[in-house]
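The values are calculated or read from the model by the stated rules, or taken from the named source; none is laboratory data. All values derive from a computational prediction rather than experimental measurement. Cβ atoms come from the backbone with ideal geometry, glycine included; neighbour counts cover every protein chain shown.
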């Protein structure tokens, strides 16, 4: 019979999914508020808000990729 892997923990997987969601939300919100700050501070067009939102989304996706990569490396050890 196969021994259970201690890394196959559903709580660990749930924690990773929660971290992914929180990471994406924080990055998107920081991008939006950063774009909003630039737009309001310098009197620029509201397109800066959308640009900040897109940059935040991109940064969030890159961050999630690194998070998943680290999670998978930890399970292989």
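Figures for the structure shown
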read-out	value
Selected residue (criterion: surrounded by the most Cβ atoms within 10 Å (Cβ to Cβ)) from residues of segment 29-44 that are farther than 30 Å from residue 74 by Cβ and in contact with a helix residue (DSSP H, G or I) (Cβ under 7 Å, 6 or more places away or on another chain)	35
Unmet criterion (only one of (1) outside any loop (DSSP other than H, G, I, E, B); (2) modelled with pLDDT under 95; (3) surrounded by 12 or more Cβ atoms within 10 Å (Cβ to Cβ)) for residue 26	(2)
